[in-house]
1. R0 = 45 Å: FRET efficiency of residue 291 with residue 66, Cβ-based, nearest 0.05?
2. Give, rounded to the nearest 20 debye, the magnitude of the charge dipole that the chain has about its Cα centre when Lys and Arg contribute +1 at Cβ and Asp and Glu contribute -1 at Cβ.
3. Amide H neighbours of residue 275 under 5 Å, counting only residues 5+ apart in sequence or on other chains, H built in-plane at 1.01 Å?
4. Would you grab the residues whose amide H sits under 5 Å from the one on residue 35? Only those 5+ places off in sequence or on another chain, please, with H modelled 1.01 Å from N.
5. Using a 1.4 Å probe, how large is the accessible area of residue 121, given in Å² and rounded to the nearest 10?
6. Expressed as a whole percentage, what fraction of the accessible surface of the range 1-139 belongs to carbon and sulfur atoms when a 1.4 Å probe is rolled over the protein heavy atoms?
7. Around residue 146, which amide H atoms from residues at least 5 apart in sequence, or from another chain, sit under 5 Å from its own amide H, with H modelled in the peptide plane?
8. Let's see if you can work this out: charge +1 on each Lys and Arg Cβ, -1 on each Asp and Glu Cβ, no other charges. What is the dipole magnitude of the range 4-184 about its Cα centre, in debye to the nearest 20?
Amino acid sequence: MKEATEVITTVHVLGPGALGLLWAAKLSSRQTIRLLGRQEGISTLRFSLQEGDIVYRMALPYLPVSSLVPQNETIKTVLVFTKSEDTLPALQSLQPYLTPSAMIVLFQNGIGSHLAVAEAFPDCVVFAAVTTEGANRRDPLSVVHAGRGITRVGALFPERVRAADLADCVALLKGSDLKIEPVVDIRKSLWTKLAINCAINPFTAILSCPNGEITESDLFRSLWPTLKAELVELLGLAGYPVPANELEASVMDVVQRTAHNRSSMLQDRLAGRRTEIDAINGFAWRTLAEKRRPHAANLQLCQMVKELNLDLV
Ligand code: KPL
């Protein structure tokens with residue numbers, strides 16, 4: 001692979017949530033950043049990024065998506081941090097500004113929104129990134145880099161992408177000084193992460209507890225055997241078969257390593273935001289149901305999270 005060359009480009013960052021702002025801040029010393037979001041009436045977003053004891057004050061150019069004007073704004077590279085179900089409509093609203101072979105890097109949970117974007121933008125170079133970087137917000141403008149991780153990146157359809165495109169994407173992301181690993185088969189990482197999210201996130205949202213506490217609960221104990229079997233089935237259907245004990249070990253490993261973290265679903269719940277349950281357990285049960293495979297545990301968790309009546313925004 002080509003070594004990281006430092007090319008200064010304008011990078012658009014769509015979705016200024018915790019992860020979006022973390023990446024924007026980390027890339028901003030090497031790239032020109034434009035944040036894209038829904039908020040109207042501002043041209044600069046001022047926020048803080050805390051890493052350990054150090055708090056960085058950031059001020060980055062911000063463009064409301066509604067006020068982009070074709071010709072004035074062209075988008076060659078966009079990193080996308082919107083919620084899964086907002087991703088396709090948000091990118092469609094950017095369509096007039098995207099250059100014909102723009103690079104789109106998707107950071108969403110699940111895999112359904114990735115496939116929808118790849119289908120809707122066949123000429124764009126679409127990458128998926130699966131990250132274990134931990135980021136959360138004390139308030140909308142105060143981001144905490146809660147834990148260092150690794151970000152794996154690869155093409156959703158490798159046959160549509162040149163090796164040089166992947167090298168450019170990796171070089172760009174490495175400008176963040178975060179740990180980046182190019183992978184040949186990013187779908188494997190996406191499906192594995194989906195299974196892990198199915199196993200952890202709904203329990204944390206329902207029980208309102210950090211990741212490390214779910215395995216002690218009666219709810220987890222009673223549902224896990226069925227859920228595990230469904231997730232093994234799901235990964236098999238996806239073409240990534242995994243033995244049940246291996247999947248369980250991966251889930252328990254993430255539970256332990258992130259024991260004190262609030263999952264993204266719990267953070268959404270606590271902030272009164274819509275959760276991604278439909279893109280996680282919802283996607284899992286629908287995929288299983290389509291193939292007439294058992295899916296009761298994923299369906300139940302999906303219903304329980306929805307019944308919390310917290311899918312507000
Ligand atoms: O990815 C996560 C999330 O919060 O969405 C897990 C793996 C549960 C870690 O917190």
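1. Plugging the Cβ-Cβ distance into 1/(1 + (r/R0)^6) gives 0.65.
2. 280 debye
3. Distant-sequence amide H within range of residue 275: 312.
4. 13, 62, 63
5. Residue 121 has an accessible surface of roughly 10 Å² with all protein chains in place.
6. Values: 3120 of 6320 Å².
Within the range 1-139, the accessible surface is 49 percent carbon and sulfur.
7. Under 5 Å from the amide H of residue 146: 134, 135, 136.
8. It comes to approximately 340 debye.
The values are calculated or read from the model by the stated rules, or taken from the named source; none is laboratory data. Predicted model, so just to flag it, every value in this text is computed and none were measured. Ideal geometry is used to build each Cβ from the backbone, glycine not excepted, and the neighbour counts take in all protein chains shown. The accessibility values were calculated without ligands, DNA or RNA, using every heavy atom of the protein model including side chains. Shrake-Rupley method; radii C 1.70, N 1.55, O 1.52, S 1.80 Å.
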